[in-house]
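One structure is given below, encoded as structure tokens.
The values are calculated or read from the model by the stated rules, or taken from the named source; none is laboratory data. It should be emphasised that the depicted structure is a prediction, and the values quoted were computed from it without experimental measurement. Here the Cβ positions follow ideal geometry from the backbone for every residue, glycine too, while neighbour counts run over all protein chains shown.
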């Protein structure tokens, strides 16, 4: 391995180390309490080292947002169904994967779908490729369902948007404890996965022809 290749590898390893520390602090302490100085202390480097890789905290969190979408996309890739053979099964699977991802990773979910700060780094399509890829995965499945005349939508884009908005609304209300505040009686905290599955099934029942 040449000097240039070794330096590139070392730089990537340090960047990964910074993001791992930032992710751990963010998940535990939240956005406001996570600082570049705190990240530097966690990896036992000077804060100046962080600035060699990221210009500010917003850029760090944009990188974490991208990482979150990569995690979500990996779950989508693991779906066992075939959109060409059974797109409706794929729609059910991707909806349940989305809900379970949000429930299992609420901090990342906030970063990806709720917080405005990371989006300050998005200036063109290249800055949001993983987010776009996640939506396009859903849209392709909706398109396959429409092609087989299985659901009530006519537009794949609008159908995917409405599906996403419905799922996002339900899981966001749960994560943010709003369902508890209105004393929602249909949720058993010990059976939240079952509730989320029921929510997906109820949505599909409403859109299937």
| task | Pick out the one residue from 41, 74, 70 that is assigned by TED's automatic domain parsing to the domain that holds residue 109, without any contact (Cβ under 8 Å) to a residue 12 or more places away in the chain and in a helix (DSSP H, G or I). | result | 74
| request: Any chance you could count how many residues in the range 17-36 are part of a helix (DSSP H, G or I) and surrounded by 11 or more Cβ atoms within 10 Å (Cβ to Cβ)? | output: 13
| task | Mind counting the residues in the range 137-177 that are over 15 Å from residue 87 (Cβ atoms) and assigned to a helix (DSSP H, G or I)? | result | 16
| remark: Given (1) assigned by TED's automatic domain parsing to the domain that holds residue 202; (2) loosely packed, with under 14 Cβ neighbours inside 10 Å; (3) part of a helix (DSSP H, G or I), residue 84 misses just (3)
| Only one of 151, 94, 141 that is at pLDDT 95 or above, buried (at least 18 other Cβ atoms within 10 Å of the Cβ), touching a strand residue (DSSP E or B) at 6+ places or on another chain (Cβ under 7 Å) and at negative phi | 151
